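Just below is one structure, and these are the notes that go with it.
The values are calculated or read from the model by the stated rules, or taken from the named source; none is laboratory data. Everything numeric here is computed off the predicted structure, so don't read it as measured data. Heads up, the Cβs are rebuilt from the backbone with ideal geometry, glycines too, and the neighbour counts pull from every protein chain shown. Only protein heavy atoms, including side chains, enter the accessible area calculation; ligands, DNA and RNA are left aside. Shrake-Rupley method; radii C 1.70, N 1.55, O 1.52, S 1.80 Å.
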There are 2 protein chains.
Amino acid sequence: MGTAEFDLISRIRARIGARGDVVLGIGDDAALLAVPTGMQLVVTADTLNAGVHFPHATTAADIGWKSLAVNLSDLAAMGAVPTWCTLSLSLPQAEETWVDQFLDGFLQLAEPHGIALVGGDTTRGPLSISVTAMGLVEAGTALRRDGARIGDDIWVTGTLGDAAMALHGVLEGAEASASSRLRLDRPSPRVAAGRRLSGLANACIDLSDGLLADLAHVCERSGMGAEVDLPALPASAELQQLDAAARWPLQACGGDDYELCFSAPPTHRELILQAMDFAGVDATRIGRIVPGQGVRALDGGGAEWHPARSGYQHFR
Amino acid sequence: MGTAEFDLISRIRARIGARGDVVLGIGDDAALLAVPTGMQLVVTADTLNAGVHFPHATTAADIGWKSLAVNLSDLAAMGAVPTWCTLSLSLPQAEETWVDQFLDGFLQLAEPHGIALVGGDTTRGPLSISVTAMGLVEAGTALRRDGARIGDDIWVTGTLGDAAMALHGVLEGAEASASSRLRLDRPSPRVAAGRRLSGLANACIDLSDGLLADLAHVCERSGMGAEVDLPALPASAELQQLDAAARWPLQACGGDDYELCFSAPPTHRELILQAMDFAGVDATRIGRIVPGQGVRALDGGGAEWHPARSGYQHFR
């Protein structure tokens, strides 16, 4: 840790907000945090590497936003209230402008969610961002992957496939639309939706690797199978322009949606629509939990559809 | 996240220990942890990058050990009991052998300290390891940097300068001794010592960047100055062979010691020696807290000594 690192840390420290439960924040060997009685701690960690998790040309502000967003999305999938996070930032050089812009994006998302940056480090190395996010849930109320039951509806929030369409465009050298690029670079973690699903949903996961791949985790952990009706997948106006052969792979197998996928008993349909309305997001029923194992994707005629490839196959 | 990542995660998951307070570990969107009433949460994050924080030729097992050790050392400096950690591992390829050996070293240190790995991710990218470690302290009892008082003794645990000597050897292409190399590659975080210093020490920090640089943080946070008696710095038998001109820069400015440096009132000298004896480490008085600001390093004759450079100057 050298002079340059101290400068970066003081730049960060000068800009972060305070929370009453941060007894001691950045500036000691570790942060000291007060956990209220009756609450459980929820912890998740995700890393973004240049060229793997975002295109090299992504702006510093977008990287800042996304590095926190992917972690908040995991907290959302547990139904947790975000509280604190740490940030480990590896940078090729100590570039103050880059760090300032990174923090612009990071804090633009951190502030409305009330999450405080309480520690971390800046190191020299290839561009890499590791965030560990913490949140709280009332004991026993966390949403989990392992609670799906036979007969549950399967729901997703928002729309699917836009981020994958933008990434596809970037990789092909084409221009992505502004709206799809926003979905790729500035995903909206569904924290408010996750909070309101506690007590309503039986199982929940966030969609980072593609619907079919992520839903398969819910099935595996719950010991269940699932059927997904592809024509029911919610699509943005832009994606609705594509025919099914082009749209379904993006919606069913594309990653980076950061929507929630959850299962709930049919008796809760009205309550769920109300809860999601309060949370300010749309929710769509896209299938059902069935006996067996694995996920079957069905076209409109009841036949099984097989994607050319399932999920992101690369090591990332 | 692709198939390769799942394999790595399942390899990790199969080997990690359990704790009763881990309600939900690896395998969901986030971990779910029970924090006992009356305890405060202590959180620290540190990253190791190849070629910056360890020589490129360091073994996977040593990297595993050290990536956890530097974080446990921060918990030790707060007087915390280690409880949980997350691990974000960026690897150029999915090399199972490398991961297995990395985990050998990581778990060799994790197990005796009872810390459970509860989350994280493996990603493709240049070799980089980010660990966030969590621990617990009874509310109000954490050791901090800002509590030093005028007249306090300054103490350090163990011996200083061996890791810097080994690193110097590696950088110069010379062979480091096995014992000094062990200090560089396998530092022993002083967790037991930190626990026993709670209630005895007024301020504490772990030594990662060099004694004078780290002690300066204590002075700054406490609004105090410090005097260090260089001839009093504890040295290994190997370092005692060097004359002062060669030894003092390594001991006062070298990094990677991962010993604790703390201040305490002179009335506690006997208690401290007993406590450190119970903790199984030596402790040595090396100076005192004085009015003013900054750290003065004194040679045996009472004159101020100035190192050629203070602390690690590179950005890391």
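Looking at the protein assembly as shown, the accessible area is 36 square angstrom per residue; that uses a 1.4 Å probe and ignores ligands, DNA and RNA.
Which residues in the range B:60-97 have a backbone N closer than 12 Å to a point placed 7 Å from the Cα of B:Asp104 along the Cα-to-Cβ line? Residues B:60-65, B:97 qualify, since their backbone N sits under 12 Å from the label point. Compared with its chain on its own, the range A:99-140 contains the following residues whose accessible area drops by 40 Å² or more in the full protein assembly (probe 1.4 Å; ligands, DNA and RNA excluded): A:Asp121, A:Thr123, A:Arg124, A:Pro126. Between the range A:205-229 and the range B:128-171, how far is it from one alpha carbon centroid to the other, in angstrom? Taking the Cα centre of each part, the range A:205-229 and the range B:128-171 sit 45 Å apart. Each other copy places its own label point for A:Asp243 at 8.7 nm from this one, sorted shortest first, where the point lies 7 Å along the Cα-to-beta carbon line.
For the range A:201-316, the Cα gyration tensor yields ellipsoid semi-axes of 21, 18, 15 Å (square root of five times each eigenvalue, largest first, whole Å). Annotation: amide H of B:Val35 within the under-5 Å range of A:Leu41, sequence separation 5 or more or interchain, hydrogens built in the peptide plane. Among the protein heavy atoms of the protein assembly as shown, carbon and sulfur supply 51% of the accessible surface, probe 1.4 Å, non-protein parts ignored. Under 5 Å between amide hydrogens, built in the peptide plane, is the criterion, and for B:Asp121 it picks out B:Leu87, B:Ser88, B:Leu89 among residues at least 5 positions away or on other chains. Within the range A:246-305, none of the GluC sites (Glu not before Pro) combine a DSSP coil assignment with at most 12 other C-beta atoms in a 10 angstrom radius. Per-residue Karplus couplings for the range A:246-261, computed as 6.51 cos²θ - 1.76 cosθ + 1.60 with θ equal to phi - 60°, are listed in order as 8, 7, 4, x, 5, 7, 8, 10, x, x, 6, 6, 6, 9, 9, 10 Hz, Gly and Pro entered as x.
Please arrange B:His113, B:His306, A:His168 by accessible surface area, largest first, computed with a 1.4 Å probe and ligands excluded.
On the way: B:His113 50, B:His306 130, A:His168 105 Å².
Largest accessible area first, the list is B:His306, A:His168, B:His113.
For the range A:151-158, 3J(HN,Hα) computed residue by residue from phi via the Karplus equation (6.51, -1.76, 1.60; θ = phi - 60°) reads x, 4, 5, 10, 10, 9, 8, x Hz, glycine and proline entered as x. Taking amide H as placed 1.01 Å from N in the peptide plane, A:Gly294 has its amide H under 5 Å from the amide H of A:Ala226, each at least 5 places away in sequence or on another chain. Evaluated at q = 0.14, 0.19, 0.21, 0.24 Å⁻¹, a Debye calculation over the C-alpha positions of the range A:171-222 (equal weights, vacuum) places log10 I(q)/I(0) at -0.55, -0.83, -0.92, -1.02. The modelled label-to-label distance between B:Leu298 and B:Leu182, using points 7 Å beyond Cα along the C-beta direction, is 3.5 nm. Restricting the calculation to Cα atoms, every distinct pair contributes to the Kirkwood radius of the protein assembly as shown, found to be 25.5 Å. Only the Cβ atoms of Lys and Arg (+1) and of Asp and Glu (-1) were treated as charged; on that basis the dipole of the range A:111-209 about its Cα centre amounts to roughly 200 debye. Rounded to the nearest 10 degrees, the inclination of helix B:60-77 to the longest alpha-carbon principal axis of chain B is 50 degrees. Each semi-axis of the equivalent ellipsoid for the range B:51-182 is √(5λ) with λ an eigenvalue of the Cα gyration tensor; in descending order they amount to 28, 23, 12 Å. Shown in residue order for the range B:32-46 are the 3J(HN,Hα) couplings computed by the Karplus curve 6.51 cos²θ - 1.76 cosθ + 1.60 at θ = phi - 60°: 10, 10, 9, 9, x, 4, x, 9, 9, 8, 10, 10, 9, 9, 9 Hz (x for Gly and Pro). Between B and A, buried accessible area from a 1.4 angstrom probe totals roughly 5600 Å², ignoring ligands, DNA and RNA.
Evaluated at q = 0.17, 0.18, 0.19, 0.25 Å⁻¹, the base-10 log of the normalised Debye intensity for the range B:56-109, with identical point scatterers placed on the Cα atoms, takes the values -0.56, -0.62, -0.68, -1.01. Applying the criteria of a DSSP loop state and at most 15 other Cβ atoms within 10 Å to the GluC sites (Glu not before Pro) of the range A:60-160 yields A:Glu95.
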